[in-house]
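A.B. asks: Below: one structure in structure tokens.
The values are calculated or read from the model by the stated rules, or taken from the named source; none is laboratory data. What you see is a predicted model, and the numbers here were worked out from it, not measured in a lab. Note that each Cβ is placed from the backbone with ideal geometry, even for glycine, and that neighbours are counted across all protein chains shown. These accessible areas exclude ligands, DNA and RNA; they are computed on the full protein's heavy atoms, side chains included. Shrake-Rupley method; radii C 1.70, N 1.55, O 1.52, S 1.80 Å.
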Amino acid sequence: MTSTAPLPESPAGPAASAVGLTKTYGRGPAAVHALRGVDVTFGRGAFTAIMGPSGSGKSTLLHLLAGLDTATSGQVLLGETDLTRLDDTALTLLRRERLGFVFQQFNLLPVLTAEQNIVLPTELGGRRGRGAGAPLDREWLGVLVDVLGLRERLAHRPSELSGGQQQRVAIARALVTKPELVLADEPTGNLDSRSGAEVLDFLRRSVRELGRTVVMVTHDAVAASYADRVVLLADGALAGEVTDPTPEAVTAALDALRTSLPMAGSAR
Amino acid sequence: MLRLTLRQARSTAGRLLLAGVAVAMGTGFVAAVLLTSALFTRTTTDSVAAQYRGADVVVRTNGTPLTDAEVADVADAPSVAAADGRVDSGVQLVGASGTEYAGLRNTTTAPALAAADHDRLAAGELPSSSGQVALSAATAQRLGAGLGGSLSVRTYPVTTDLSGAATEPVDVPVTVVGLLSDDTGALFDSSGAVLATTADALAWSSGSYTDVSGAPLTGYSAVLVVTAPGASPQEARDAVADRLRTAGLQTQTGEWGPSQGWTGDAPPVDVLTTQQVVDSAVDSALGGTRVLTSVVLAFAAVALFVATTVITNTFSVLVAQRTHQLALLRCVGATKRQVQRSVLAEAAALGVVASSVGVLVGAGLSTVAAAVLAHLAPGVPVPTGVVLTPAAVVAPLVVGTGVTVVAALAPARAATRVSPLAALRPAAAPDLRTRTSRLRLASSLVLLLGGGVLLVGGVLLATGVFADAVNGATGTSDELAVWGVAAAVVGGMASFSGVLLGAVFLVPRAVGLVGRLVARGGGAPARLAALNAVRNPRRTASTTGALLIGTTLVALMVVGAATTSRTLAAALDRQYPVDVQVTSLGGPDGPEPLAPEVVRAATAVPGVRAWTPVLTASLTANRGTTPDPRSQTWLEAAAASRGQLASVLPDPAWVAALAPGTVVVPRDLATSLGVSDGDEVVAYPSTTQAQYDDQGTPTGWAGAAPQGHVLRVAVTDLGGYQALVLPGDLTAADPAATTSGLWVHLSADSDPVAVADDVQTAVTDAGGTDASTSPVAVSGAAAERAGYERVIDTMLLVVVGLLAVAVLIALVGVANTLSLSVIERTRENAVLRALGLTRGQLRRMLALEGALVAGVGGLLGVVLGSLYGWAGAASLLGGVAAAGGSAIWTPELPWGRLALLLGVAVAAGLLASVLPARRAVRTPPVAALAEQ
């Protein structure tokens, strides 16, 4: 399938990056250091996976990249924009126009049909005023719907769709605004292996053929192997990288991580 | 299990808060009603008891007054320490600055009874010799007499002359030697009180009782008895009764007042203990209060019913949210019954706590009511504290808890249906589709249609539409009207029950429709709000339905009152053609002219456009040209020049035919007199007496035959029952006619009700207290309307105030539903925030949802209530409306008030969303998206 949406003239540089990003919950001896000074960049047009044992801070990193949470210190840059300087409304508008999300729980609104769910981000702005943004590109919508095989299902409610179909609707929603960055948090966690494979395939195709940038958090080595690069996190800090991953390479890297870590009882 | 339940309840206390508020409001209402009623009972008891302080037994006559000999007999009876006669009458007091009627009591020599009088003495001393009086301080002030001042007591000596000649009053000069205070309200049922010595009191009250021939009797109305130490009041009572029976009197000791059918030549004398007297007096005084209490409790019942919907909603959502926990409990080994009981126990705990709060609130309200009463009626003794009777405290507690538990029964049963397997499966999205039974739809339609038919039929019946067809066949038109009203009431209740039963079908569709209309211009957030408002149809129906009850009833009352007001105004216009009539009522000698200062005062009121003095006379008339004692009819006549009359009547054409020798007769009067246009009638003064034979038929004239004045009848559309003539004709018919009337026409842009009130005030102020000025009455269409409207408005205010509680609880229900929905949708709202919905947009979304739910409830209530109010007024006033000729078929819709009602509903829906929106906005999206 060929790309029908030409990439905008993008300046050179990563799609997003974290600079000295730190996130701490609580205070004093009970403090939880979720991220400790993480520096990482995510290139344009690339599919990156973030992996690590539970408690490594990968979900926290994703949330901070999305502007859903505030960092304790450090910066998050989306293109040229420093997210840490924006107020809540500006962050919200940024999420509406420049980011796309896919969650583990499908997070579709049960009162809306599949089509209404897909176009929801474009309709949040109303007709005029702040945050109206670009109107919906119907041609692009058509492409997404066909690529994801949702043409027959557009008028159905989420309760009438299978798990895999719901996740595909979520992906369409994430892509409909042609965002600079698509963030996915364990997108295959609730799916059976066949639907999961379909979803990962679509994500990869959106990168290869539709020119998107995707950052995915996962704990599944097979899912991570669909990515171009795997970033490993452990204990709130970067712990390594695997390029052009295969499931075996990723598993090996994870095992190496586990054995190099101190045993249970490490301070978190 | 109980510990778990209570801990669960405490952890979710926030969600139960609003439900608790609803229960507290309902029980507070009930408690306030019961406590205020207890307050009235205590007030009445205290005041009645105070009248007999010191006495243990009361002997009261129901016919002839008790004599000194009888008093001595009583004092002599065993178990009696002392007895004294009591005068209970009234006299007219004349002072420097006014005259007043006051209750008359005598002083007493028995020390035990005198103590009560001494207690009431605020200054000076009690009267001890003839010509001395003690007055209540307020009366003394009004009459312009202080301690040591002088007054006159106006007595009307009664003669046995039946000739009808008036007796001249005799003014007896007295000195004020003491002032009374009236803390206990023993005297509050009379306008004032005066104490005099027994001799004086007996003399002044002579004539209160008369014997068969009309001769005045002097004596006591009652004898107060003090029991001897060591004897009980019952013993003394029986002893006194025995003694009186020996003296030849019939007695009764069981109840107050003569029983039906007594034998002998005098009704029995009551001999009762003071406790019996107090109980019986309180009973009869409170009979009306008990009815009032029941009516108000009916409103409280409506409020509690609305509260049950709030509770059911809350517990339904709680159970749905705790599915996981409940499934876990079942997995681990709790039985279905234990699960059910835990929900009910939680409801009971909520009920007890909320009801206790409600009782406290009700007690507070009752205290405020007492303070207000004390302020408004200074003479009434009001208990300063709260009167807490066991019934008033326990009943609301029991009712409140009971209602809460009953309301939680359905959700409790739903909790038992949670399968243990649900603990092992991941949490599924809530099932949005709800089953609605066909039976429910069918019965709701039946009730709605059947009720509607009954309602329409009843209204038609009551307004006499069928009168021609059915008249004479089955009962009179009055009976039909009663049947019509009954049918309309039953039909109204049935159709409303149908609406409530079918709310689950009707309401979601209505909300959806309005939501779609409103969302058209609002973009996605507005559309989401509209969709979310109906996503759980059952919950929306129940929330909106609760509000529907309150708003329908309020709208019903408002429209009913407006229609009643309009209809009565039209009827009054027909009966009183003149806006305001000021009439001098005359004295014993006949009509008297209006005092010039009264005329000046009345015509100086702003809003008066035209006025004319009128001559009035009461005439007797009959058809023909010669007076005939056998066919006399009463004819009230008024006279002024044609121009003057035309200026004060709504339609000058009514007096166009007025000419010398012509009498203008209103159509209704002409029908009742049996005269028609062009007939001749002869009129003469009504004081002319006829002579009657033994059977009572008139045979001729008592004195000289009257000459009579002949008039030609002209029937017009004039309203009322007063005929109009020119002054020359009236004086020819009755030379004693005087200018005792003033007819006033109000300007078109003035408020007739307010101006009529002003005229009344002006006339009263100008009247003065000169005994020679005869009293003046203000009547007329505007004046009557003022009276009616005041009553209608006051009643409306009271009723709406009572309904306001139910409406408030329903609005609390809206807030409750919104806040529960927010909790359910935590994850969804987080997704929306993540996708790009700003905080402001989220708040507006929830506000719109609240406004939709409440607004549709208000709108439906306004529509339904207007229909019912109009139907109700039409059926109740059917007869009046027909007579008034007004179009009962056009409803009178007070748009301002109805719009206010709708506005309140919408505003409250918006307000209800504030706190839930705050919670929704405060939750950071990331917290909700995180895995459990």
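A.B. asks: Over the Cα atoms of chain B, compute the convex hull volume and normalise it per residue, giving Å³.
C.D. replies: Numbers: hull volume 228.5 nm³, N = 932.
Normalising the Cα hull of chain B by residue number yields 245 Å³.
A.B. asks: Let me ask something else. Measuring from label point to label point, each 7 Å out along Cα→Cβ, what is the B:R922 to B:S284 span in nm?
C.D. replies: Calculated label separation equals 6.3 nm.
A.B. asks: Subtract the Cα-Cα distance of B:A115 and B:F305 from 0.36 nm times their separation in residues, and report this length gain in nm to one decimal.
C.D. replies: Working: separation 190, 0.36 × 190 = 68.40 nm, distance 5.31 nm.
That works out to 63.1 nm of additional length.
A.B. asks: Once all Cα-Cα distances of the protein assembly as shown are split into 10 Å bins that start at 0, what whole-number percent is in each one?
C.D. replies: Whole-percent P(r) values from 0 Å outward: 2, 7, 11, 13, 14, 13, 11, 8, 7, 6, 5, 3, 1, 0, 0.
A.B. asks: Now for a different question. Hey, got the dipole for region A:167-250? About the Cα centre, +1 on K and R Cβ, -1 on D and E Cβ, debye to the nearest 20? Walk me through the intermediate numbers first.
C.D. replies: Working: 9 positive and 13 negative charges, 97 e Å.
Charge dipole of region A:167-250: 460 debye, to the nearest 20.
A.B. asks: Can you find, among B:P596, B:A621, B:V608, the residue sitting farthest towards the positive end of the charge dipole of region B:569-662, where Lys and Arg contribute +1 and Asp and Glu -1 at Cβ?
C.D. replies: Farthest towards the positive end: B:A621.
A.B. asks: Moving to a separate point now. Within region A:163-199, name every residue whose backbone N is under 15 Å away from a label modeled 7 Å from Cα of A:S54 along the Cβ vector.
C.D. replies: Answer for this model: A:186, A:189-190.
A.B. asks: Using a 1.4 Å probe on the protein heavy atoms, what percent of the accessible area of chain B belongs to carbon and sulfur?
C.D. replies: About 61 percent, which is the carbon plus sulfur part of the accessible surface.
A.B. asks: Counting only other chains, and only Cβ atoms inside 10 Å, what mean value do you get across the residues of B:518-527?
C.D. replies: Partner-chain Cβ atoms within 10 Å, mean over residues of B:518-527: 3.
A.B. asks: Chains A and B: buried accessible surface, both sides, probe 1.4 Å, rounded to 100 Å²?
C.D. replies: 2400 Å²
A.B. asks: Given a 1.4 Å probe, how much area per residue of the protein assembly as shown is accessible, in Å²?
C.D. replies: About 45 Å² of surface per residue is accessible.
A.B. asks: To continue, here is another question. If you count, for each residue, the other Cβ atoms within 10 Å and average over each peptide, how do B:913-919, B:624-630 line up from highest to lowest?
C.D. replies: Output ranking for B:913-919, B:624-630: B:913-919, B:624-630.
A.B. asks: Counting only protein heavy atoms, what percent of the accessible surface of region A:127-256 is carbon or sulfur at a 1.4 Å probe?
C.D. replies: Looking at region A:127-256 in its full context, I get 46 percent from C and S.
A.B. asks: State log₁₀ I(q)/I(0) for region B:20-140 at q = 0.18 Å⁻¹ as given by the Debye formula over alpha-carbon point scatterers of equal weight, solvent excluded.
C.D. replies: -1.13
A.B. asks: If Lys and Arg each add +1 and Asp and Glu each add -1, what is the summed charge of the other residues whose beta carbon sits under 11 Å from the beta carbon of B:A756?
C.D. replies: -4
A.B. asks: Please state, to two decimals, what the Cα-based radius of gyration of region B:758-857 comes to when divided by 2.2 N^0.38 Å (N = residues).
C.D. replies: That works out to 2.24 for region B:758-857.
A.B. asks: Now for a different question. Placing unit charges on C-beta atoms (Lys and Arg positive, Asp and Glu negative, everything else neutral), compute the dipole magnitude of chain B about its Cα centre in debye, rounded to 20.
C.D. replies: On the way: 56 positive and 64 negative charges, 1905 e Å.
For this selection, approximately 9140 debye.
A.B. asks: Looking at region B:834-864, which residues lose a minimum of 20 Å² of accessible area between their chain alone and all protein chains in place, measuring with a 1.4 Å probe and not counting ligands or nucleic acids?
C.D. replies: Residues losing area: B:A834, B:L835, B:G836, B:T838, B:R839, B:Q841.
A.B. asks: Add +1 for every Lys or Arg and -1 for every Asp or Glu among the other residues with Cβ under 12 Å from the Cβ of B:Q722, and state the total.
C.D. replies: Local charge sum for B:Q722: -2.
A.B. asks: Placing unit charges on C-beta atoms (Lys and Arg positive, Asp and Glu negative, everything else neutral), compute the dipole magnitude of the protein assembly as shown about its Cα centre in debye, rounded to 20.
C.D. replies: 8700 debye
A.B. asks: May I pose another question? For the protein assembly as shown, with the dipole built from +1 on Lys and Arg beta-carbon atoms and -1 on Asp and Glu ones, taken about the Cα centre, which of B:L852, B:A392, B:G492 lies farthest toward the positive end?
C.D. replies: B:L852
A.B. asks: Okay, next question. Compactness ratio of region B:693-810: Cα Rg over 2.2 N^0.38 Å, N = residue count?
C.D. replies: Output field value: 1.74.
A.B. asks: Calculate for the protein assembly as shown the 222 nm mean residue ellipticity that helices alone would give, adding -39,500 (n - 2.57) per DSSP H run of length 4 or more and normalising by residue count, nearest 500 deg cm²/dmol.
C.D. replies: The helix-only estimate for the protein assembly as shown comes to -16500 deg cm²/dmol at 222 nm.
A.B. asks: Based on the Cβ-Cβ distance from A:E80 to B:C331, what FRET efficiency comes out when R0 is 41 Å, to the nearest 0.05?
C.D. replies: Details: r = 54 Å, r/R0 = 1.33.
Computed FRET efficiency for A:E80 and B:C331: 0.15.
A.B. asks: Using the Cα centre of chain B as origin and beta-carbon charges of +1 (Lys, Arg) and -1 (Asp, Glu), tell me which of B:A541, B:L568, B:V663 is placed farthest towards the positive end of the dipole.
C.D. replies: Farthest towards the positive end: B:A541.
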